[in-house]
Amino acid sequence: MSLIHKSAAELGALVAGGEVSAVEVAQAHLDRIAAVEPQVNAFLHVDVETTLGQARAVDARRAAGEDLGPLAGVPIAHKDVFTTVDMPTTAGSKILEGYRPPYDATVTRRLREAGLVILGKTNLDEFAMGSSTENSAYGPTRNPWDLNRIPGGSSGGSSAAVAAYEAPLSTGTDTGGSIRQPAAVTGIVGMKPTYGGSSRYGLIAFASSLDTPGPFARNVMDAALLHEAFSGHDAMDSTSIDAPVPSVVEAARNGDVAGLRIGVVKEFGGDGYQAGVLARFHETVELLESLGAKVVEVSCPSFTTALPAYYLIAPSEASSNLARFDAMRYGLRVGDDGTRSAEEVMALTRAAGFGPEVKRRIILGTYALSSGYYDAYYGQAQKVRTLIARDFEAAFHQVDVLVSPTTPTTAFPIGERADDPMAMYLADLCTIPTNLAGNAAISVPCGLADEDGLPVGLQVMAPVLGDDRCYRVAAAVERALEGRWGGSLLSKAPAL
Amino acid sequence: MSAITRDEVAHLARLSRLALADEELDHFAAQLDVIIGAVARVAEVAADDIPPSSHALPLTNVYRPDEVRPSLTPDQALSGAPAVEDGRFRVPRILGEEA
């Protein structure tokens with residue numbers, strides 16, 4: 001088997017055992033990137049010399065007898081919303097074109113400390129606002145299963161890079177589903193950790209009370225290894241949880257669901273859901289039951305208003321966060337001809353530098369926070385947020401985890417929803433409640449929809465700091481289904 | 001009746017420091033009308049006695065020790081600036097001509 005088809009755990013073991021060098025592993029992935037990027041467009045930035053330099057450093061550390069972790073020498077694709085001192089950081093926006101940050105994000109720093117080799121920065125919807133990666137200022141990323149379809153978003157470059165074997169691992173951020181939805185539609189594993197479990201320091205902010213960094217991988221164990229590598233308390237993030245990282249690697253190894261109480265969310269299904277998605281979902285629930293889990297239906301009535309609440313809360317926070325792009329301290333400046341005021345230059349720069357979705361959300365957020373509308377919109381959305389957290393709390397008194405389809409449909413064609421914001425927003429229907437309540441959730445592949453042969457994801461939601469439960473259930477599903485399929489779901493994807 | 005008018009969108013764009021072209025305003029006004037109509041559904045939820053949540057975690061007043069630690073040098077802080085003068089950010093005029 002070629003190096004690019006191996007798991008991250010296998011690659012780490014090969015490098016640790018000296019059977020293959022980190023440089024060879026990196027080169028194999030750089031060659032793959034060169035071969036398929038013209039079709040996929042997962043990366044915004046790849047720098048061969050920087051990548052090989054990191055790999056040589058790992059080989060030198062191993063040669064010096066240093067005890068390296070399980071992912072040392074494993075390549076990773078890094079979402080271009082985390083700051084990196086040695087690569088540009090754009091957040092998919094023209095307003096940050098060519099920007100070189102003066103410091104590394106905590107997630108970036110921890111990847112480096114674990115000896116992961118960063119291959120480059122991946123494409124995303126501008127400022128992580130979107131569900132298709134079509135909102136990138138640098139062109140859309142394509143789904144390796146069908147190049148005419150979206151790879152999900154906002155972390156679509158990261159999902160496509162892993163699904164196209166350009167990297168065994170990648171990072172993402174999940175504000176309303178931006179890790180789980182892209183994982184589901186590309187047939188890979190994506191995890192949104194508990195809010196505060198992974199650091200936001202150096203993550204370009206979209207909606208600060210929701211943004212959560214998390215891992216992508218082609219299997220559950222690799223996702224757990226990466227989750228463990230970059231998570232944990234960070235004094236630089238005031239909302240970071242000062243508690244041990246849940247034992248996610250142990251849970252991924254265990255994969256035992258006997259006696260586990262699983263709740264099926266009653267509100268997620270029916271109208272608007274693709275038949276093939278629901279068919280795979282229900283089969284997977286039956287599978288879990290056959291593995292010894294106790295399945296019950298659970299009602300979470302407030303989840304039906306999660307989407308409107310989210311589209312008030314997230315744009316409100318974004319309108320405030322994106323005020324920092326003022327054309328004064330970094331990034332683009334337009335129209336500074338010596339006659340215009342700072343305010344005029346600011347308005348011209350923001351009009352030229354932000355794309356349509358970012359402008360829509362800034363205006364929507366400014367509206368929701370305006371005096372006279374605040375109570376009816378932002379204030380009311382915050383109350384719905386409380387009700388959603390209470391629904392989760394009540395549900396987790398009855399069951400250990402909740403399950404649903406990750407997305408209502410499989411990957412849609414590029415362009416189909418590009419000018420219909422409300423249709424686009426529906427892609428995050430099932431993932432948003434978890435962001436509003438701050439708990440943990442994973443998406444794991446559960447089959448192909450009959451209508452279109454495209455991947456379907458199962459979402460597993462767990463309580464705050466119950467991240468290990470997500471991995472336990474996902475590992476059980478993966479083990480049982482791969483036994484049936486005779487390999488990973490991704491092995492059924494057409495070759496690029 | 002529309003949820004938001006074109007004039008309101010123009011006003012919000014000014015508040016947000018976005019110099020939008022007329023065509024953009026037309027386009028956004030129509031789209032925002034649909035979006036606001038949809039998100040207004042939150043008003044249907046009976047929540048008079050429900051406290052609002054701004055955040056998922058019950059954290060308040062997170063402090064760190066008041067210690068001097070290394071931070072960015074002036075050169076690093078200025079490294080992404082559109083214009084620099086005498087070790088400072090150079091910005092367009094911020095006061096009116098008559099001031």
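The values are calculated or read from the model by the stated rules, or taken from the named source; none is laboratory data. Keep in mind that this is a model prediction, so the values were computed, not measured. Positions of Cβ are backbone-derived with ideal geometry, glycine not excepted, and every protein chain shown enters the neighbour counts.
Pick out the one residue from A:PRO405, A:PRO433 that is under 19 Å from A:SER159 (Cα atoms), surrounded by 24 or more Cβ atoms within 10 Å (Cβ to Cβ) and in contact with a helix residue (DSSP H, G or I) (Cβ under 8 Å, 6 or more places away or on another chain).
That would be A:PRO405, the only listed residue that is under 19 Å from A:SER159 (Cα atoms), surrounded by 24 or more Cβ atoms within 10 Å (Cβ to Cβ) and in contact with a helix residue (DSSP H, G or I) (Cβ under 8 Å, 6 or more places away or on another chain).
Would you mind telling me which numbered condition in (1) touching a Leu at 6+ places or on another chain (Cβ under 6 Å); (2) over 22 Å from A:ALA251 (Cα atoms) A:ALA217 fails?
In the conditions (1) touching a Leu at 6+ places or on another chain (Cβ under 6 Å); (2) over 22 Å from A:ALA251 (Cα atoms), A:ALA217 misses (2) alone.
Would you say B:LEU72 is more than 7 Å from chain A (Cβ to nearest Cβ) and modelled with pLDDT of 90 or more?
No, not satisfied.
Quick one: in segment A:61-111, of everything that is surrounded by fewer than 22 Cβ atoms within 10 Å (Cβ to Cβ) and on the phi > 0 side of the Ramachandran plot, which residue is farthest from the other protein chains (Cβ to nearest Cβ)?
Across segment A:61-111, the extreme among qualifying residues is A:GLY65.
From the list B:ALA19, B:ALA13, B:ALA38, B:ALA56, pick out the single residue that is among the aliphatic types (A, V, I, L, M) and touching a residue at least 12 places away in the same chain (Cβ under 8 Å).
B:ALA13
Do you know which residues across segment A:26-45 are hydrophobic (A, V, I, L, M, F, W, C) and in contact with a Lys or Arg (Cβ under 8 Å, 6 or more places away or on another chain)?
Across segment A:26-45, the qualifying residues are A:VAL40, A:PHE43, A:LEU44.
Scan segment B:84-93 for residues that are at the interface with chain A (Cβ under 7 Å from one of its Cβ atoms) and either in a loop (DSSP other than H, G, I, E, B) or touching a residue at least 24 places away in the same chain (Cβ under 8 Å) (or both) and jot them down.
B:VAL91, B:PRO92
Hey, any hits in segment A:342-350 for a residue that's within 7 Å of chain B (Cβ to nearest Cβ), closer than 18 Å to B:GLU85 by Cβ and surrounded by fewer than 22 Cβ atoms within 10 Å (Cβ to Cβ)?
yes
Of the conditions (1) aliphatic (A, V, I, L, M); (2) touching a residue at least 12 places away in the same chain (Cβ under 8 Å); (3) outside any loop (DSSP other than H, G, I, E, B); (4) surrounded by fewer than 20 Cβ atoms within 10 Å (Cβ to Cβ), A:ILE33 fails just one. Which one is it?
Only one criterion is unmet by A:ILE33, namely (4).
Check A:ALA163 against each of (1) within 22 Å of A:ARG110 (Cα to Cα); (2) crowded, with 24+ Cβ neighbours inside 10 Å; (3) not acidic (Asp, Glu) and name the one condition it does not meet.
Only one criterion in (1) within 22 Å of A:ARG110 (Cα to Cα); (2) crowded, with 24+ Cβ neighbours inside 10 Å; (3) not acidic (Asp, Glu) is unmet by A:ALA163, namely (1).
When only residues in segment A:292-336 that are away from chain B (no Cβ under 11 Å), surrounded by fewer than 18 Cβ atoms within 10 Å (Cβ to Cβ) and of a type outside the set (Lys, Arg) count, which is farthest from A:MET422 (Cα to Cα)?
A:GLY292
Every residue in segment A:322-372 that is aromatic (Phe, Trp, Tyr) and either within 19 Å of A:ALA207 (Cα to Cα) or in contact with a Ser or Thr (Cβ under 6 Å, 6 or more places away or on another chain) (or both), please.
A:PHE325, A:PHE354, A:TYR367
Condition check: under 19 Å from A:ARG280 (Cβ atoms), more than 19 Å from the chain's Cα centre (by Cα), modelled with pLDDT of 95 or more and of a type in the set (Gly, Ala, Ser). Does A:ALA493 satisfy that?
Yes.
For segment A:358-375, indicate whether the set of residues that are within 7 Å of chain B (Cβ to nearest Cβ), touching a helix residue (DSSP H, G or I) at 6+ places or on another chain (Cβ under 9 Å) and of a type in the set (Gly, Ala, Ser) is non-empty.
No, the conditions are met nowhere in segment A:358-375.
For A:GLY372, work out the one condition from (1) farther than 22 Å from B:ALA19 by Cβ; (2) in a helix (DSSP H, G or I) it doesn't fulfil.
Among (1) farther than 22 Å from B:ALA19 by Cβ; (2) in a helix (DSSP H, G or I), the lone unmet condition for A:GLY372 is (2).
Check B:VAL39 against each of (1) within 7 Å of chain A (Cβ to nearest Cβ); (2) within 23 Å of the chain's Cα centre (by Cα); (3) more than 30 Å from A:THR434 (Cβ to Cβ) and name the one condition it does not meet.
(3)
Across segment B:22-35, what is the number of residues that are more than 14 Å from A:TYR377 (Cβ to Cβ) and without any contact (Cβ under 8 Å) to a residue 12 or more places away in the chain?
The total comes to 7.
Looking at segment A:106-113, can you tell me whether even one residue there is at pLDDT 95 or above and either within 30 Å of A:ASP452 (Cα to Cα) or assigned to a loop (DSSP other than H, G, I, E, B) (or both)?
No; the residues of segment A:106-113 include none that is at pLDDT 95 or above and either within 30 Å of A:ASP452 (Cα to Cα) or assigned to a loop (DSSP other than H, G, I, E, B) (or both).
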